[in-house]
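Trainee: Here it is, the structure, as C-alpha cells.
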Amino acid sequence: MKSICLLGSTGSIGQSTLDVITDNSHLFEVSVLTAHKNVDLMIQQCLKFQPKVVAMADSGCAEKLQKHLMSKSLDIEVFAGKEGLIQAVQSVDYDYVMAAIVGAAGLLPTLSAIKSGRRVLLANKEALVMSGQLFMQAIAENNAELLPIDSEHNAIFQCMSENSINKSGCDSGIEKIILTGSGGPFLNKERNYLNNVTPEQACNHPNWSMGQKISVDSATMMNKGLEAIEANWLFSTPFEKIDVVIHPQSIIHSMVSYKDGSVLAQLGQPDMKTPIAHALAWPDRINSGVASLDFFNLSQLTFQPPDATFFPCLKLAYEAGKQGGTCPAILNAANEVAVEAFLEKQIKFTEIAETIEKVLHKVPSGKAESLEKIIEDDLAARQNANQILGLS
Ligand code: NAD
Ligand code: MG
C-alpha cells in the first residue's frame, strides 16, 4: 500500500488523482491533502479519504474546515496558510507526492516534498519552469524519483527507454522530441477574432477538461511553450530538438523521433487519468478508468505547424527558455498576472502576449542560482506586469 500526499486536491488533476486512487484503493491511500479555498470539496474529500493532515492556503478556510472536522469528530490535523502547506508536507510520512497546485504557488511545497526523497509526480509545470536547474538538482541530490504527469511529457517518458528523466536524451539516439498540442479553442480562426474573445470561450477547450489557468494557456499556446521548457529540463534535450506539432484531435499525446527513422508515439483518450495512473503505478500498469481507443470510430488524425504570429506566446517561451537563468520565471510570472487579469475581464485576450513581451524587455533576468533570486525576479515581473496593465 503506497500513501499519497496530494497537493492541489480540489483541482482538476487533484480530483482525477482521487478518482484513480478510488479505483485502486487496494494499492493507494491518502495521507495529505492540500487546497486553496474550496472548503466544501475539501470536507467531502476528508470524509471519503480520511487523510492524516490537510492544509488550506487560505487561513479563513482552514479555520472553517477545522471546525467542521471537529464537529464530525474526525482526527485530522489542519494546517493554515502558505506556511501550513509546507508544514503539512513535512509533518507525516508518505510514499508519493502528487504536485498538482497551479502556478508559482506550488514551487515551495513541491521543492519541500522533493527534499523528503520520495517519488514526485509532477503536474505543476510552472514550478519546474521557474526553478529548472535547482529543481533537477534537488531531485538528484535527494535521490527522488521524478515522473511527469503532463500528458505530453508522460507520453515522451513512455516512448523513451527506462529511467530517461534527467539523462542526456540526445545521447541515446534521440533526434527530436515532438510535443503535440491541440491548438486550443481558437485554432484556425482569423487573427481579428482574438480581439473580442471572452474567458468563457478561452476556457472551453475542445478536448480536455482542465483548470481555468491552463485552459487559457492552451488557448494562447503558452502552455506548449511552458511544456517545451519543461521537456528541456526533464529530458536534458536542447530547444533545437524540441518541436511542436498541432494535432487537433489530441489522440497522440507526443512522440520521440530516433536517428534510425523510428518515431514512437503514445496514443490514448484525452483524459489525465491515464498519465496519472501510469505514474502512480510505474513501472507496473493499473486500471485508470479510461476506455481504450476504438480505432474504427476514431476521426482522422491530422497535423499542422503552429502559426507563430497567431500564437506569439509560443515564441516568447522558447526565447525565454533558450536565454535561461531567471528568464523563464519572469515569463511565467508575467503570464500568471496577465491570465488572471484576462479571467477577471480586466484585459483583452491579445494583451496577454503583449504584456509578457513588455515585461521580458523591462525586467532584467539573472542567474537562477538561488531560490531567493528566482522569487525576487518573479516578484519584479509581477509588479511590472501589474504596472503595465494599470492594476497596481
Ligand atoms: P486547477 O485550477 O483545477 O486546480 C489547482 C489546485 O491548486 C486546486 O486544488 C487549488 O486549490 C490549488 N491552488 C490554487 N492556488 C493555490 C494557492 N495559492 N496555494 C495553494 N494551493 C492553490 O488546476 P489544474 O488544471 O488541476 O492544474 C494543476 C497543475 O497541473 C497546473 O500546473 C497545470 O499546468 C498542470 N496540468 C494540468 C492538466 C489538466 O488537465 N488539468 C494537464 C497537465 C498539467
Ligand atoms: Mg500538457
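Rule-based calculations on the coordinates, nothing more; no lab input. Note that the coordinates shown come from a computational prediction; the quantities given were computed from them, not determined experimentally. No Cβ is skipped: glycine too gets one built from the backbone with ideal geometry, and neighbour counts run over all protein chains shown.
Trainee: Quick check for me: using +1 on Lys/Arg Cβ and -1 on Asp/Glu Cβ, what's the dipole size of the range 2-148 about its Cα centre, in debye to the nearest 20?
Mentor: On the way: 12 positive and 14 negative charges, 27 e Å.
That gives a dipole near 140 debye.
Trainee: If you don't mind, there's one more thing I want to ask. GNM on the chain, C-alpha springs below 10 Å: top fluctuator among Thr198, Thr355, Thr180?
Mentor: Among Thr198, Thr355, Thr180, the largest mean-square fluctuation in the Gaussian network model of the chain belongs to Thr198.
Trainee: Right, something else. Measuring from centroid to centroid over Cα atoms, what is the spacing of the range 89-155 and the range 227-285 in Å?
Mentor: Result: 18 Å between the Cα centres.
Trainee: Taking only Cα atoms and a 10 Å spring cutoff, compute GNM fluctuations for the chain and point out the largest among Arg191, Arg118, Arg382.
Mentor: Arg191
Trainee: Determine the distance separating the Cα centre of the range 22-38 from the Cα centre of the range 370-392; give it in Å without decimals.
Mentor: Using only Cα atoms, the two centres lie 34 Å from each other.
Trainee: I've got another one for you. Which one of Val97, Cys5, Gly84 has its Cα pushed farthest toward the positive end of the charge dipole of the range 2-148, where Lys and Arg give +1 and Asp and Glu give -1 at the Cβ?
Mentor: Gly84
Trainee: Okay, next question. Grab the Cα-Cα distance for Ala308 and Ser91, subtract it from 0.36 nm times how many residues apart they are, and report the gain in nm with one decimal.
Mentor: Working: separation 217, 0.36 × 217 = 78.12 nm, distance 4.66 nm.
Extra length available between Ala308 and Ser91 comes to 73.5 nm.
Trainee: While we're on this one: Which entries of Lys224/Lys315; Lys224/Lys367; Lys2/Lys64; Lys52/Lys72 have Cα-Cα distances beyond 19 Å here? It would help to have the intermediate numbers written out before the result.
Mentor: Values: Lys224/Lys315 10 Å; Lys224/Lys367 24 Å; Lys2/Lys64 30 Å; Lys52/Lys72 15 Å.
From Lys224/Lys315; Lys224/Lys367; Lys2/Lys64; Lys52/Lys72, over 19 Å: Lys224/Lys367; Lys2/Lys64.
Trainee: Go ahead and run the numbers for FRET between Gln249 and Leu371, Cβ-Cβ distance against an R0 of 51 Å, rounding to 0.05. Working shown, then result.
Mentor: Numbers: r = 40 Å, r/R0 = 0.78.
Approximately 0.80, to the nearest 0.05.
Trainee: Using a Gaussian network model of the chain whose springs link C-alpha atoms within less than 10 Å, name the residue from Tyr94, Tyr258, Tyr193 with the highest mean-square fluctuation.
Mentor: Tyr193
Trainee: At what distance in angstrom do the alpha carbon centres of the range 288-306 and the range 327-366 lie from each other?
Mentor: With the range 288-306 and the range 327-366 each reduced to a Cα centre, they are spaced 33 Å.
Trainee: I've got another one for you. If I require 20 Å or longer along the helix axis, counting alpha carbons, and a Kyte-Doolittle average no lower than -1.0, what helices from the chain are left? Use full DSSP H segments. Write down the numbers at each step before the final one.
Mentor: Numbers: long enough: 125-141 (21 Å, 0.54); 327-343 (24 Å, 1.13); 371-388 (25 Å, -0.55).
Correct list, ordered by number: 125-141, 327-343, 371-388.
Trainee: So what J values fall out for the range 243-256 if you push phi through Karplus, 6.51 cos²θ - 1.76 cosθ + 1.60 with θ = phi - 60°, rounded to Hz, Gly and Pro as x?
Mentor: These are the phi-based 3J(HN,Hα) values: 9, 10, 10, 7, 9, x, 7, 6, 9, 8, 8, 2, 9, 10 Hz.
Trainee: Still on this structure: State whether the chain is rounded, prolate or oblate according to the following rule on the C-alpha gyration tensor (a ≥ b ≥ c being the square roots of its eigenvalues): a/c under 1.5 gives rounded; otherwise a/b larger than b/c gives prolate, and the remaining case gives oblate.
Mentor: Numbers: a/c = 1.41, a/b = 1.17, b/c = 1.21.
Rounded, since a/c falls under 1.5.
Trainee: Note down the magnitude of the dipole of the chain about its Cα centre, charges +1 on Lys and Arg C-beta and -1 on Asp and Glu C-beta and zero elsewhere, to the nearest 20 debye.
Mentor: Numbers: 31 positive and 43 negative charges, 57 e Å.
Dipole size: approximately 280 debye.
Trainee: 5 Å is the cut-off here: which amide hydrogens, built 1.01 Å from N in the peptide plane, fall below it relative to Arg119, excluding neighbours closer than 5 in sequence?
Mentor: Here Val97, Glu145 satisfy the definition.
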